[in-house]
Amino acid sequence: MPLSTFIYSGYPTGMNLEIAGNVQGFKQQDGILTIKTAEAEARVYIYSPTIIRVSISKNFNPDDPSFAVIRQPLADFDFDESSANIDITTPALKLSIQKSPLRFNFFTAAGSSLSEDDARFGTNWQGERVTCYRRLFEGEQFIGLGEKTGNLDRRSAAYVNWNTDAPNHTPESDPLYKTFPFFIGLHSGLTYGLFLDNTHKSYFDFGASTDEETSWFGADGGDLNYYFFGAQGVAKIIEDYTGLTGRMEMPPLWSLGYQQCRWSYMSADEVLNIAQTFRKKQIPADVMYCDIDYMDDFKIFTWNKKTFPKPKQMLDKLKAMDFRLVTIVDPGIKVEEGYKEYDEGIEQDYFAKYPDGENYTGYVWPGRCHFPDFFRGEVREWWGAAFTALTQPGVEGFWNDMNEPAAWGQNIPWIVKFGDKFMPEVRNAYGMQMARATYDGTRKIMGNKRPFVLTRAAYSGTQRYSAVWTGDNTGTDAHMLLGQRLVNSLGITGMSFIGVDIGGFSGNPTPELMVRWNSLGAYTPMFRNHAIQGSKMREPWEWGKNNEQTIKKDIEQRYKLLPYLYSSFYQSTQTGLPVSRTLAIEHSFDGNVFDERFQNEFMFGDAMLVAPVESTKLTEDVYLPRGSWYRLSSDKFYEGEQIVNVQAPLTDLPVFVKAGGIIPMQSVVQSTNEKGDGILQVHVWNGREANSFIYYEDDGVSYDYEQGIYYKRVISFNPIEKSLSLSSVEGSSKSRFMQLKFVLHGFDGVKLQEEIIENKSGEIEVKL
Ligand code: GLC
C-alpha cells in the first residue's frame, strides 16, 4: 500500500501526522468545487483563466476574512471527471486533481507540468500545523517572498514569516519585518506563482535540506489556502497577483522627491534649520521628518510643548520653503490617565487583551503601553480620526513604525487577543491593519489631498495603503547591496513604493559609502536618508565639499528624472509592475541574472539598468542582458548578453539605457512644487526595435485623476520610419510643460539632434 494512503495517528512521539488521503466525494455549488477526504476538505475556486485557488482545511471557518485578496471568484466552472482525476481546464491552465490519494497538479493548457504535489506527502498536518510538499523540478529556481535576505534565487534556502522587529539584522537574518507569502517558480522555460494566504507563522523551503527532491511550504495553523498563478511570464504573474491583492495608488509627487530623516531632530528649530540649509545650498529636497522626539513623552498624537511649541508655525514655515513634513506614529499607547488616546481607548475598550478581558501591557518607547486592536473596524476609525492632531497643523505624511508589533523583549504572549483571534494567528497582518487605519483615516480627513503613508511591518496587499521601508539596516556596503535585493524582491510581491535607510540606520558609513549610497538612492523608488540617534550627522553637507557636490548632483539627477519616475509609478498603479525590477522579471531564464555577482542589478522603470557597486570598488563587472545598451553618462554603446568591466567612480554609478529607451526628463528644480523651465525633455536612445512609453502627469497632490483629470499620452519611437511621435492627449488636464524638447542619443546622421517645439495636445510626429 502506498505510504500516502496511511493516516499516521498516535505516532510514537506523540505528534500525529495526517496526510490527505483518498477522495470520498465532491460537489460543486456557488462557484466552489468541494472535495472531501477522511482527513479534510478541499475547496477549489477559479478567479480568472490564470488564477486558481485551492484551500484545504480540516476545519473551515466560514468567517475567516482575507486581508490580502480584494477580488471575488468566478461563478461555477466546468470540470471533467474520470476514475482517476477531476480535471479543471481554463484557456490557460489545467488543474488535475488526483483522487487517490488527493493531490493537486497544475499544467499549462498545452500539458506541460508547472507544479505538482509531492506524490507521497501532498498536504498533511501535524496537529494544527499544515504543510504542502511539492515536487522540486530539475533546475527549478524561485524568486519572491518580499523582504527576505539571501540570494535572488531562493533555491536551496528556507524562510520563516513572522513579522519581527529586527534591529541589527545581518544580510542573512530571517525573519525581518514583513510577510509576503508569494513566490514565483521558474523551470523548463515555464513560470508559475503561488500565494499562500495565511497570516499564521508560515514557512517556505525551496529544497534547503531535501536532497533536491521536494520543496515545501506551510503554516502553524489555519488553512492551506493558496492561489496558483499560471500565466507565462513573470510580469504577467505579478500583474495577476496585484490584480488579486490590489495595486498602489498614485503617490503624492512630493514623496518622490528627496526625503531627509533622522532620529533626533530634537526641536522645531533644528528641523527648520536643516530645511533652510537645503535651500541655501540649493540641494533639492521635498520632505523633512520628525521621529519620536517631536512627541510629548512619546505619546502618539501629541507634540512636545517645549521643543515643538507651535507645530502650525513650524509647518507654515516649512511650507513656505516648499517642504512637506512626515511624522512618526507607533502603535503603543502610553498607559497614563489624562492622556486622551489612553482614556478613550480604555473607555471604548479598543486595546488588545488577554483572554480574561485585561488589557495587554507591553513596554515600548513611552514605557508601559497598550496596543490598539486594529483588527476591529471601530478601532481603525478611532485611530484614523485621531490624525487631526497632526493634519491640522499641516502634516501630510504618516510614518507607521514598530507595528510588527514590537514590544521590548519581542515576545508578546500567544494568548493576547486581537479581534477574535489570538496573536499568533494574525500577528503578520497587524502592521498592515495599522497602515490601513492610517491611510483610511488620513484620506478621509485630508479630503481630496493624497496622504503619504509609510509602514515597517506589512502583509500581502499593503501596497493598497502604504509605502514601506526595510527597517533598521547598518551602514555597510553589504547592507547597501542587501537593501537593493530587498527592494527588488519586494517589487515582485506588489510593493513598488519602497525605500531603505540610505547610509544605514545604525553605525557610521564612510564618506565613500554615503556618496555611493546616495547615488543609488536616486534610483530607489523612495529616496530617504535616515539614521539612528547618536550617529554622526548625515545630511549631504556633512561629508566635505567635494562629496557634497557629488551628492547634490545625484539628488539633482533624481529631480531631472521625475517625469519618468512619476510615469513609472503610474505604470505600477495600472499593471503592478514595480518601479525597481530585478532582471529576473524580464530575463527569467538567463542564468547570469542569478549569478551572485550580478543579482543586485535592476531595471529602474522600463528603460534604465542600474548596477549597484560597493563603495570600495571603482570599476565593476556588469552583466548586460539581451538587447543593446548605452551608458547613461557617456552614451557609450554596448551589445547585450555580455559581461562588461566598466568604470565606476563615486561620481558615476553604472547606469545604462536600453537601446530604443525613452526617458522624459525635466530641468533641475529645488522641490516638486517648482515648475522649472517648463520644458519636457524627451530623451531617446537609438535602437533597432520600435518602442513606446506611456507618459503620465496629473496635479501630483489630489485625487482629481480619479475623475479623469490627468494628462496621458504615448511617446513612440519608430526606427524603420525614423520617427518620434506623441499620441494625442488622453485626460482633461493640461501638462506642466509648455514645450517639448527631443534629445537624441546614439543617432548618427539624422537631421534632428535637438529641437524645442510647442507641447500641443493633438498628435505630434517628428521625423528624425
Ligand atoms: C525604529 C525604527 C527607526 C526609528 C526608531 C525610533 O528603530 O525602525 O526608523 O528611527 O525606531 O523611532
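Checking every one of the GluC sites (Glu not before Pro) in region 651-757 against DSSP loop status and a limit of 16 other Cβ atoms within 10 Å picks out GLU674, GLU689, GLU721. Amide H contacts under 5 Å for ASP296: THR302, TRP303, ASN304, restricted to partners 5 or more places along the chain or on a different chain, H placed in the peptide plane at 1.01 Å from N. Each residue of region 278-284 is assigned a 3J(HN,Hα), and the resulting list reads 4, 5, 4, 8, 6, 9, x Hz, derived from the Karplus form 6.51 cos²θ - 1.76 cosθ + 1.60 (θ = phi - 60°), x at Gly and Pro. Each Lys or Arg adds one and each Asp or Glu takes one away; over the other residues whose Cβ falls under 14 Å from the Cβ of THR214, this sums to -4. Accessible area per residue for region 546-663 is 33 Å², calculated with a 1.4 Å probe on protein heavy atoms, without ligands, DNA or RNA. Expressed as a whole percent, the accessible surface of region 13-141 that belongs to carbon and sulfur atoms is 45, based on a 1.4 Å probe.
Dividing the helix sum by the residues of the chain, where each DSSP H run of 4 or more adds -39500 (n - 2.57), gives a mean residue ellipticity at 222 nm of -5500 deg cm²/dmol.
Highest mean first, the peptides 336-348, 42-54 sorted by other C-beta atoms within 10 Å per residue fall in the order 42-54, 336-348. Our coupling estimate for region 388-402, obtained by passing each phi through the Karplus curve with A = 6.51, B = -1.76, C = 1.60 and θ = phi - 60°, is 4, 4, 9, 6, 4, x, x, 5, 10, x, 9, 9, 8, 10, 6 Hz, Gly and Pro reported as x. Carbon-plus-sulfur accessible fraction, region 313-398 (probe radius 1.4 Å, protein heavy atoms only): 45%. Each residue of region 635-642 was assigned a 3J(HN,Hα) from its phi angle through the Karplus curve 6.51 cos²θ - 1.76 cosθ + 1.60 (θ = phi - 60°); the sequence is 6, 5, 9, 9, 6, x, 6, 8 Hz, with glycine and proline shown as x.
How would you rank 500-506, 213-219, 187-193, highest first, on the average number of other Cβ atoms within 10 Å across their residues?
500-506, 213-219, 187-193
The figure for ARG485 is an accessible area of roughly 40 square angstrom, using a 1.4 Å probe on the protein chains alone. For ALA659, nonlocal amide neighbours, meaning residues 5 or more places apart or on other chains whose placed amide H falls under 5 Å from its own, are SER628, TRP629, TYR630. Taking each of LYS306/LYS340; LYS36/LYS417; LYS340/LYS444; LYS281/LYS312; LYS27/LYS421; LYS449/LYS734 in turn, the alpha-carbon distance tops 29 angstrom for LYS36/LYS417; LYS27/LYS421.
In this structure, the amide hydrogen of ALA531, modeled 1.01 Å from its nitrogen in the peptide plane, lies closer than 5 angstrom to those of ARG262, TRP263, counting only residues at least 5 positions away or on a different chain. Compute the Cα gyration tensor for the chain, then decide on rounded, prolate or oblate, letting a ≥ b ≥ c be the square roots of its eigenvalues: rounded whenever a/c is under 1.5, prolate when a/b is larger than b/c in the other cases, and oblate in all that remain. It comes out oblate by the Cα gyration axes. Straight Cα distances below 14 angstrom link LYS741 to the aspartates and glutamates ASP677, GLU754, GLU755, GLU758, GLU765, with same-chain residues fewer than 8 positions distant left out. These residues, PHE747, PHE121, go from largest to smallest accessible area, 1.4 Å probe, as PHE121, PHE747.
The accessible-area ordering, largest first, of the residues LYS675, LYS545 stands as LYS675, LYS545, per a 1.4 angstrom probe. Classify region 98-144 from the C-alpha gyration tensor, please: rounded if a/c falls under 1.5, else prolate or oblate depending on whether a/b exceeds b/c. It is oblate, given that a/c is not under 1.5 and a/b is not larger than b/c. Placing R0 at 22 angstrom, the Cβ-Cβ distance between GLU596 and THR210 gives a FRET efficiency of 0.45 after rounding to 0.05.
Answer rounded, prolate or oblate for region 400-501, using the Cα gyration tensor with square roots of eigenvalues a ≥ b ≥ c: rounded when a/c is under 1.5, else prolate when a/b is larger than b/c, else oblate. It comes out oblate by the Cα gyration axes. Ordered from largest to smallest accessible area (heavy atoms of protein chains, 1.4 Å probe), the residues LYS236, LYS560 come out as LYS236, LYS560.
If R0 is 51 Å, what FRET efficiency do you get for GLN276 and ASN16 from their C-beta distance, rounded to 0.05?
After rounding, the FRET efficiency stands at 0.15.
By the rule of a C-alpha distance below 16 Å, with chain neighbours fewer than 8 residues away ignored, the lysines paired with LYS317 are LYS280.
The values are calculated or read from the model by the stated rules, or taken from the named source; none is laboratory data. For clarity, every value in this text was computed on a predicted model and none was experimentally measured. When we count neighbours, we look across all protein chains shown, and the Cβ atoms used for this are built from the backbone with ideal geometry, even at glycine. In case anyone asks, the SASA skips ligands and DNA or RNA and just uses the protein heavy atoms, side chains included. Shrake-Rupley method; radii C 1.70, N 1.55, O 1.52, S 1.80 Å.
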